[in-house]
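See structure below.
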Amino acid sequence: MHVTYTFTPSDKSCGYHTAATLGTFDGVHEGHRHLLSRLVDVSREKSIESAILTFDAHPQTIINPEHAPKMLSTLDEKLKTFESLGIDRVFILHFTTDIARMEAREFIERYLIDCLGVSHYIVGYDHHFGNDKLSSSKRLHEFADEHGFTVEIIPPVVIDGMTVKSSTVRDLLSNGNVERAMGMLGEPYSFEGIVTRGRGVGKNLGFPTANIHAVDGRKQLPGDGVYAGSVILDGKQHEAVTVIGSNPTFNLSQTIIETHILDLDDNIYDKKIRVGFINRLRNIKKFNTTGDLVRQITLDIEQTRQLFLQHK
């Protein structure tokens, strides 16, 4: 897969012939994957390249920064998924206020037609962009007919009665429903973090934990709670119990992320790990004694082991 990181519609970066799509593709969820699989199929049928035009950041960070959503995926995470789906080319556009003010007609003509040479344009059912919000199927098809390319609109993907959307996935994660979010994403939700030194409380209890500092603070985190999941360390996956939230048992109100990696007691300070989530085990709670806390952690670990056995 070829990636153009600073895409501008200039002579040097144009002259393609593609089946293309446009979008933020935050999370690259099952709806996105269905669309991108269709894009790859069409490009192969027509013997042309599949192309994604995407942005280096969510457009709302420019249009309405105070209400911009947290990210479900970093740019690097999206690119890895695009490549796994067989996409030929990705063009990354730096989203600016000038682009936000651009009408859809000008954008399509300048970027998709004149530069990417789009012959087939695939978009989702809720696709809209441009200052004039060229969103209706009728208008988009009329515009395509005028410029000699075809349009395909992909219907929504529905899982368990819910339409798969990035905003829905964010809501599920915020509520701690990582299992349902996993179903919409097609894989466990995860983020990268650096292991930092903590207070050593977990180790003193017999359950050493790695305190995690998220690499990218713009990424969505699951809501407070105790989770069963995994940690990828040095390319190897380990089962883990991860806590997001405060520690009321020890009167610590600060929100922290810490994970107990099952059957591992190595020194991993300053290492980068990937923390994944498959199920929310319980709420954060205050225990009357450390003995009660130890018994609960033991139950959390056993439940995590059982969940992984079920997923094998």
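Some notes on this structure:
- Restricting attention to region 246-258, the residues that are in contact with a Gly (Cβ under 8 Å, 6 or more places away or on another chain) and either surrounded by 19 or more Cβ atoms within 10 Å (Cβ to Cβ) or of a type in the set (Ser, Thr, Tyr) (or both) total 3.
- Flag for ILE301 being modelled with pLDDT of 95 or more and not hydroxyl-bearing (Ser, Thr, Tyr): yes
- Number of the exception - THR6 against (1) closer than 30 Å to MET182 by Cβ; (2) over 16 Å from the mean Cα position of the chain (by Cα); (3) part of a loop (DSSP other than H, G, I, E, B): (1)
- Checked across region 11-28, the condition of being surrounded by fewer than 19 Cβ atoms within 10 Å (Cβ to Cβ) and part of a strand (DSSP E or B) holds for no residue.
- SER84, sole failed condition from (1) of a type in the set (S, T, N, Q); (2) within 21 Å of TYR189 (Cα to Cα); (3) at pLDDT below 95: (3)
- You will find that of SER230, SER246, the residue that is within 23 Å of PHE308 (Cα to Cα) and either small (Gly, Ala, Ser) or in the same structural domain as VAL294 (by TED's automatic domain parsing) (or both) is SER230 and no other.
- The helices (runs of 4 or more DSSP H) falling completely within region 44-126 that include 2 or more residues that are polar (S, T, N, Q) and surrounded by fewer than 18 Cβ atoms within 10 Å (Cβ to Cβ) map to 60-63.
- Search result, residues across region 152-164 that are surrounded by fewer than 19 Cβ atoms within 10 Å (Cβ to Cβ) and either assigned to a loop (DSSP other than H, G, I, E, B) or touching a Ser or Thr at 6+ places or on another chain (Cβ under 9 Å) (or both): ILE153, PRO155, PRO156, ASP160, GLY161, MET162
- Qualifying residue in region 213-224 (condition: over 20 Å from the mean Cα position of the chain (by Cα) and touching a residue at least 24 places away in the same chain (Cβ under 8 Å)): no
- Residue selected from region 230-251 under the condition free of Cβ contacts under 8 Å to residues at least 24 places away in the same chain and in contact with a strand residue (DSSP E or B) (Cβ under 6 Å, 6 or more places away or on another chain), by the criterion farthest from LEU205 (Cα to Cα): GLN237
The values are calculated or read from the model by the stated rules, or taken from the named source; none is laboratory data. What you see is a predicted model, and the numbers here were worked out from it, not measured in a lab. Cβ coordinates were reconstructed from backbone atoms using ideal geometry, including for glycine residues, and neighbour counts include every protein chain displayed.
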